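Some notes on the structure that comes next.
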Amino acid sequence: MKRGPITDALTAGAPAAGGSARDQVTTPSLAGGMSGVAAPVVPPIRRRRNVLLWASVAWMALVVALAAAASLLPLADYGAPIGFPRSAPSGELDLWLGLDNQGRSTLARLVHGAQVSLLIGVLAGVIATTIGTVLGLIAGYFRGAVETVIMFLTDALLAFPPLVLLLAISSILRPSFTTLLLGLTTLVIPSFVRIARAQTLNWASRDFVLAARNMGFGRLRIAFGEVLPNVVPTVLAFLPTVVAALIVAEGSLSFLGLGLPSPTPSWGGMIADGKDFLRADPQLILIPAAAIFLTIFALNQIGDHARARFDRTVQD
Amino acid sequence: MPRFAMTRLLRGVLVVLMVTFLVVLLMSLAPGSVAAVILGENATPEAIAQLESEMGLDRSVIVQWFSWVGDAVTGDLGTSPVTFQDVSTAIWERLPVTIEIALLALLISLAVSIPLATIAARRPDTAADRGINGLTSVFLSIPAFVAAPVLVYLLAVQTPIFPVTGWTPISEGLGENLRTAFLPALCVALIEIAAFQRILRADLGTTLREDYVEAARAKGMSGRYVLWRHAFRPSSFSLLTVAGISLGRLIGGTIIVEAFFSLPGLGQMVAGAINGRDIITVQGVVAFVAIVYVLLNTLVDVGYGMLDPRVRQAVAR
């Protein structure tokens with residue numbers, strides 16, 4: 001079955017899963033089951049990327065810094081109106097980007113929304129990376145029945161239509177930070193299991209593993225001490241792309257009104273709030289839209305670069 | 001039937017069973033019983049308990065699952081307690097809209113991505129290749145919930161080419177119908193365009209470096225002839241697979257555009273049911289979409305194996 005590891009876990013869900021195509025292009029051998037088909041050789045594109053890459057890093061640094069310092073910044077309360085609804089942007093800091101449909105500061109909501117999006121995206125990404133890597137390592141190194149079970153569960157999870165599953169979860173359990181995190185983490189674990197397993201299979205067949213076995217190391221020690229350190233860089237290289245996809249998924253849920261409950265701001269929710277005023281006040285939509293686009297684009301660029309750099313299946 | 005096809009189908013059936021079990025499980029996990037939701041806030045505990053036993057909600061999850069699957073096999077997905085409509089009838093009524101959007105999106109994606117990929121693959125590492133790569137990077141970063149309002153603003157509000165929202169059924173004229181379907185389809189197609197372009201670009205690039213392509217060129221065939229006659233077909237397998245998988249994904253993924261453009265499709269049905277806490281409808285649609293999704297993925301796998309013998313061997317191994 002040919003599919004990008006990330007793609008199916010999220011894209012659908014997040015109609016945007018950034019970078020999904022690239023995954024499918026650069027890691028066909030990782031996707032499992034396709035080993036017999038000629039893998040497209042993609043030479044990593046490096047040159048001329050650097051300006052874009054550094055711009056992306058700078059943007060992410062700005063977003064992270066603003067999100068981290070959100071409550072320290074001299075911004076108005078994101079939940080309380082400070083003027084007439086949909087006031088146009090003007091000089092004062094809180095009015096810089098205008099006010100939303102309830103008269104709340106768009107700038108304050110944008111900054112606090114970044115906090116929510118990033119926190120959920122990064123936390124879910126990191127937890128899923130950890131769990132997925134361990135499961136993939138176990139499946140790939142110990143093989144046998146354990147592998148069969150892990151891979152069946154993984155394939156089964158990948159076979160769910162992601163957004164539909166997320167919707168079902170949030171419709172039944174009241175949306176909260178924990179349920180969102182739980183749902184999103186579960187959705188991306190399979191991608192990491194697949195990547196980690198494919199990498200483990202690759203590394204475990206190398207001579208240094210044989211050498212370690214000859215030296216009498218135990219299987220656990222070889223798996224976690226020898227193989228794991230080689231698997232980690234590749235898996236981590238997928239993290240930015242997955243975080244982008246998770247932010248999109250969270251945004252999609254918020255857009256449908258199934259994100260964190262009001263008044264907690266979220267970029268997807270801001271777009272949903274503004275969509276009835278498209279004709280008269282397009283800035284209500286265009287500002288959060290630009291923020292989401294730039295963030296996803298930056299994360300995808302960083303992810304592309306990280307994979308070209310650390311995903312050895314791209315190069316060898 | 002070949003063995004690899006059997007394996008795939010069996011796996012598909014198992015996954016569908018798991019999906020339905022999860023759906024039933026989720027329903028039993030819901031805080032506050034479904035019966036309480038149906039009866040409203042003023043219901044007495046006795047009334048809730050009675051409705052629960054009528055609906056069979058007091059049984060164990062496994063028993064509920066068996067009875068749900070039993071009903072579902074006969075096409076009975078229950079009746080919505082909110083709209084009092086039969087869920088499977090409602091699904092069949094709304095399915096054509098969703099399928100039309102998904103197919104149109106697939107068509108747009110293929111129509112745009114194939115030329116883009118061909119241009120890029122024929123001139124690797126030129127400005128054209130890099131430009132197209134940049135364009136698809138941009139497309140990849142536009143989620144549907146961003147694309148929908150922005151495209152509406154540009155193509156319906158600023159320059160009124162398309163209607164802002166709404167749906168004209170196909171019975172009232174194909175042209176009008178396509179006018180209402182185009183923007184929603186384009187919103188979900190953006191990402192697929194990028195995905196398809198990258199896959200085909202990579203495969204074509206690899207094929208064009210093969211010796212037999214070189215040989216064909218050496219014989220004096222034109223670049224265009226070699227591209228379409230020799231290189232295109234062996235490069236299109238991955239694209240076909242991914243396109244098939246996307247179709248399944250699109251059917252479940254149109255929820256956002258359907259909600260935004262108020263199209264009377266499955267997605268809007270789910271969104272409405274979620275807002276109305278109509279769990280029976282949610283359950284039915286989720287199970288239905290999951291089954292379609294798994295079915296399409298399985299068919300793609302099987303079909304791909306039939307087209308390309310190398311895959312059969314890989315699975316059989």
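The values are calculated or read from the model by the stated rules, or taken from the named source; none is laboratory data. Since this is a predicted model, take the numbers as computed values, not measurements. Here the Cβ positions follow ideal geometry from the backbone for every residue, glycine too, while neighbour counts run over all protein chains shown. Please note that ligands, DNA and RNA were not included when accessible areas were found on the heavy atoms of the full protein model with its side chains. Shrake-Rupley method; radii C 1.70, N 1.55, O 1.52, S 1.80 Å.
Can you say whether A:Thr154 is under 28 Å from B:Thr281 (Cβ atoms) and without any contact (Cβ under 8 Å) to a residue 60 or more places away in the chain, as far as the supplied structure shows?
It is false that A:Thr154 is under 28 Å from B:Thr281 (Cβ atoms) and without any contact (Cβ under 8 Å) to a residue 60 or more places away in the chain.
Tell me which of these B:Pro160 doesn't satisfy, since it passes every other one: (1) touching a residue at least 12 places away in the same chain (Cβ under 8 Å); (2) outside any helix (DSSP H, G or I).
(1)
Residue by residue through region B:257-302, note down the ones that are in contact (Cβ under 8 Å) with a residue 60 or more places away in the chain, more than 9 Å from chain A (Cβ to nearest Cβ) and open to solvent by 30 Å² or more (accessible area, probe 1.4 Å).
Answer for region B:257-302, where residues must be in contact (Cβ under 8 Å) with a residue 60 or more places away in the chain, more than 9 Å from chain A (Cβ to nearest Cβ) and open to solvent by 30 Å² or more (accessible area, probe 1.4 Å): B:Ser262, B:Pro264, B:Gln268, B:Gly276, B:Phe288, B:Ile291, B:Leu295.
Restricting the search to region A:165-186, which residues are open to solvent by less than 10 Å² (accessible area, probe 1.4 Å) and closer than 28 Å to B:Leu9 by Cβ?
A:Leu166, A:Leu167, A:Ala168, listed by residue number.
Can B:Tyr212 be described as within 30 Å of A:Gly274 (Cβ to Cβ), assigned to a helix (DSSP H, G or I) and within 14 Å of another protein chain (Cβ to nearest Cβ)?
Criteria not met by B:Tyr212.
Which one of the conditions (1) outside any helix (DSSP H, G or I); (2) without any contact (Cβ under 8 Å) to a residue 40 or more places away in the chain; (3) not basic (Lys, Arg) does A:Pro175 fail to meet, given that it meets all the rest?
(2)
Keeping to region B:156-166, report how many residues are under 26 Å from the mean Cα position of the chain (by Cα) and either facing another protein chain (nearest Cβ under 9 Å) or open to solvent by less than 50 Å² (accessible area, probe 1.4 Å) (or both).
5
Would a scan of region A:277-286 turn up a residue that is open to solvent by less than 10 Å² (accessible area, probe 1.4 Å), assigned to a helix (DSSP H, G or I) and either within 11 Å of chain B (Cβ to nearest Cβ) or in contact with a Lys or Arg (Cβ under 7 Å, 6 or more places away or on another chain) (or both)?
yes
Considering (1) surrounded by 16 or more Cβ atoms within 10 Å (Cβ to Cβ); (2) modelled with pLDDT of 85 or more, say which one A:Asp100 fails and leave the rest.
Against the list (1) surrounded by 16 or more Cβ atoms within 10 Å (Cβ to Cβ); (2) modelled with pLDDT of 85 or more, A:Asp100 comes up short only on (2).
Which of (1) open to solvent by less than 10 Å² (accessible area, probe 1.4 Å); (2) at pLDDT 90 or above does A:Gly259 not meet, given it meets every other one?
Single failed check for A:Gly259: (2).
Test of understanding: among A:Val149, A:Val64, which residue is within 29 Å of A:His305 (Cβ to Cβ), modelled with pLDDT of 80 or more and surrounded by fewer than 18 Cβ atoms within 10 Å (Cβ to Cβ)?
A:Val64
For region A:229-260, what are the residues that are touching a residue at least 60 places away in the same chain (Cβ under 8 Å), over 17 Å from A:Ile127 (Cβ atoms) and not hydroxyl-bearing (Ser, Thr, Tyr)?
A:Val231, A:Pro233, A:Ala237, A:Val248, A:Gly251, A:Leu253, A:Leu256, A:Leu258, A:Gly259, A:Leu260
For region B:210-231, what are the residues that are of a type in the set (A, V, I, L, M, F, W, C) and open to solvent by less than 40 Å² (accessible area, probe 1.4 Å)?
B:Val213, B:Ala216, B:Val226, B:Leu227, B:Ala231
Of the residues A:Phe152, A:Phe208, only one is within 14 Å of chain B (Cβ to nearest Cβ) and assigned to a helix (DSSP H, G or I); which?
Unique residue meeting the criteria: A:Phe152.
Condition first: more than 9 Å from chain B (Cβ to nearest Cβ) and assigned to a helix (DSSP H, G or I). Now tell me which residues in region A:250-266 satisfy that.
Passing the criteria: A:Glu250, A:Leu253.
Can you report the number of residues in region A:216-238 which are open to solvent by less than 50 Å² (accessible area, probe 1.4 Å), part of a helix (DSSP H, G or I) and over 15 Å from A:Trp203 (Cα atoms)?
Summing the residues that are open to solvent by less than 50 Å² (accessible area, probe 1.4 Å), part of a helix (DSSP H, G or I) and over 15 Å from A:Trp203 (Cα atoms) in region A:216-238 gives 1.
Quick check on A:Thr264: is it of a type in the set (S, T, N, Q), open to solvent by less than 10 Å² (accessible area, probe 1.4 Å) and in contact with a helix residue (DSSP H, G or I) (Cβ under 9 Å, 6 or more places away or on another chain)?
no
Among B:Gly284, B:Gly303, B:Gly252, which is the only one that is part of a helix (DSSP H, G or I) and closer than 22 Å to A:Gly251 by Cα?
One residue alone meets the criteria, B:Gly252.
So if I check each of B:Ala194, B:Ala189, which one is in a helix (DSSP H, G or I) and more than 8 Å from chain A (Cβ to nearest Cβ)?
B:Ala189
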